Amino acid sequence: MDKKLRTLALDVGYQKGRPVVNRVSMDLYPGEIIAIIGGNGAGKSTVLKTITGQLEKLSGDIRICNRREEELTEEALAKMVSMVTTERIHPELMSCYEVAAMGRYPYTGRLGILGEDDKGAVTDALRMVGASDIATEDFSKISDGQRQRIMLARAICQDTDILILDEPTSFLDVQFKLDILSVIKKLAKERKKAVIMSIHELEFVPAMADKVIGIFNRQVYQIGTPREILRGENLEIMYGMEKGSGSIMEEGLWQYAHSLERLICQK
Amino acid sequence: MNSEKKKTAYLFGALTVLLALCFFFSLKVGSTDVTLKELFEILLFQDDAMYGKIILSIRLPRVIAAMVLGGALSVSGYLLQIFFGNPIAGPYVLGISSGAKLFVALCMVVLVGQQIHISSWFMVAAAFAGSLLSMAVVMALAGKVKNMALLVVCGVMIGYICSAVTEFVITFASDSNIVNLHNWSNGSFSGISWEHVRISVFIVTITLAVTFFMSKPMGAYRLGEAYARNMGVNIKNLRRILILLSSILSATVTAFAGPISFVGIAVPHMMRGVMKTNTPILMIPACFLGGAVITLLCDCVARSAFAPTELSISAVTAVFLAPVVIYMLLTRRSNVHG
């Protein structure tokens, strides 16, 4: 199968010569979900921001659908990669429908007027995230959980092969987390989207991820399956935990993770 | 969705009718009152006997200028609001109009002093240069001051400095050519000629057309830089274009009518309330119509409230529109956009 996204020895950071994370190399295939984990400030967001082009890469290579990122125009890139960030937006007097419909930007004409296809795609995306009933509400007046659904719907109707999600579940209650993650899982498995997401809640990782990238000490600490990565000794190192507490953590984590996996997969 | 479209169409219809009514009303009132019948005869037959001359060569250009420039000013403010992602922005409160004023005054005083005739185009160019310069100062400050209300305070201070220097320059240049510079520097539509009107209409029409075709990326920019970029917007270009368009519009206004206060900040806010939307493709025409109506009415008040003494247009717009701005500042949630 074709790789959708590749990074080769990618250095990311805010300043030349001072990379936050060094030499990130990964391959992402269609239908696959990669979870990036690591402590606060480890540089998960920095990696994702670099891939979406919000930050300039310091060195290395990013290949999107087998083409170097530099060769792609903004419009072409917009049809390949969509994202949900942790940044909160404050649009004034915009309905949820309008916010989600912004995802159709790369497909509409000079004046951005939605055609029938576009409207269909927006309605579909809103239904998929379970937000059809709040479509007409003012975006600034809904809850954080609802907002996250709308932002995901926006990314979905942008209709890209690659989805980049920065902590899509932060600040949400457990039911909202389950809802959002089920949708993401469905996108990968049913629509063959390639997903890369950063996540703090390790208990959801086994249900979601095919591969896990653990970031620690300015580099990729390990890449592997959730089974390989989410082990006591790795957690102790990555999160700077006390000796011995990792194994206690591991035991409980996997039990909870199994329950959550059942809940996510039954949807 | 369909009923919403209908409502929008009605609102635009109502605004257009209102503007037409204000247009005829403004032509009618003034130091010499004419009846509606006389007014139509004058307009239709270009009859310049009796009051005709007053209407055709003084009042008509003034009324058209107030409409076109008022609308332009309001759109200029709307562009700045999109740029800053915040409705508390406008060319006057950010000191941009005053920067334009200072440049125009300097050019006039220096060049008129040397007996050089200044063309209207040159005035617009000078105002544009002044706008861009104060814009650059505001942008440099915006990099440091993240709070919009604080940035506005800085803008008002820049405005005061520019106005003070302008006053200074004008006071010491007592050439007879510069006598009416004093009126202009406080904002006034009096003495606007047909040449000014032609140039204004030309510049404003082209700029508005370009603005209208920028409404798609402007719409996306409302979701913030990161998302706009993800949708394929070239952020750097968009920001440059927004600044250029906004500066051209406010510079044209300032070159011919001086700095006009609060129209740029308050009218877009009022139009958002009327239209119940912030979609640029609707807001750009709505701001233009709204700005035209309000500026026209304020100009009527300016020339007829204490006739034959004329008030400066900024004094009138300030009385009516500053409360709107205060209301806006008070009712906004303080956590929005820092």
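The values are calculated or read from the model by the stated rules, or taken from the named source; none is laboratory data. For clarity, every value in this text was computed on a predicted model and none was experimentally measured. All Cβ positions, glycine included, derive from the backbone under ideal geometry; neighbour counts span all protein chains shown. Protein only, heavy atoms only, side chains kept; ligands, DNA and RNA dropped before computing areas. Shrake-Rupley method; radii C 1.70, N 1.55, O 1.52, S 1.80 Å.
Averaged over peptide A:150-161, the number of partner chain Cβ atoms lying within 10 Å of each residue's Cβ comes to 1. When only the Cβ of Lys, Arg, Asp and Glu is charged (+1, +1, -1, -1), the dipole of chain B relative to its Cα centre reaches about 1460 debye.
In summary, the helical segments of chain A meeting the span-like criteria, namely a full DSSP H run, a Cα extent along the axis of 24 angstrom or more and a mean Kyte-Doolittle hydropathy of at least -1.0, are A:174-191, A:245-265. Counting only DSSP beta bridges with both residues in the protein assembly as shown, the antiparallel share comes to about 50 percent.
For chain A, the carbon plus sulfur part of the accessible surface works out to 48%, probe radius 1.4 Å.
Can you list the DSSP H helices in chain B whose Cα atoms extend at least 30 Å along the helix axis and whose mean Kyte-Doolittle hydropathy is -1.0 or higher? Passing helices, by number: B:2-28, B:60-84, B:120-144, B:148-171, B:235-257, B:280-304. Quick one: pull the percent of accessible area on chain B belonging to carbon and sulfur, 1.4 Å probe, ligands and nucleic acids left out. Percent of accessible area from carbon and sulfur atoms in chain B: 69. Averaging the sequence gap over all C-alpha pairs within less than 8 Å and six or more residues apart, then dividing by the number of residues, gives chain B a relative contact order of 31 percent. Largest accessible area first, the listed residues A:Y239, A:Y14, B:Y78 line up as A:Y14, A:Y239, B:Y78 when surface is computed with a 1.4 Å probe on the assembled protein chains. Given the C-alpha centroids of region B:1-58 and region A:1-51, what is the distance between them in whole angstrom? Distance between centres, Cα-based: 63 Å. Candidates A:L172, A:S259, A:F216 compared by Cα position along the dipole of chain A: farthest toward the positive end lies A:F216, with charges placed on Cβ. The accessible-area loss of region A:91-111 on complex formation, taken against its chain alone with a 1.4 Å probe, reaches 50 Å² or more at A:E92, A:L93, A:M102, A:Y105, A:R110, A:L111.
Residues in region B:3-333 average 43 Å² of solvent-accessible surface per residue, probe 1.4 Å, ligands and nucleic acids excluded. Probing with 1.4 Å while keeping every protein chain in the model, the per residue accessible area of chain A equals 45 Å². Each residue was assigned an accessible area with a 1.4 Å probe, and for A:I264 the value is about 10 Å².
Highest mean first, what order results for A:43-54, B:269-280 on Cβ atoms within 10 Å? All intermediate terms of the calculation are to be shown ahead of the outcome.
Details: A:43-54: 22.4, B:269-280: 19.0.
Ranked by mean Cβ neighbours within 10 Å, highest first: A:43-54, B:269-280.
Summed over both chains, the accessible area lost when B and A associate is about 2800 Å², using a 1.4 Å probe. Look at the dipole of region B:3-333 built from charges on Cβ: of B:I64, B:L18, B:L111, the Cα furthest out on the positive end belongs to B:L18. For GluC sites (Glu not before Pro), the sites in region A:176-246 that DSSP calls loop and that have at most 13 other Cβ atoms within 10 Å are A:E242.
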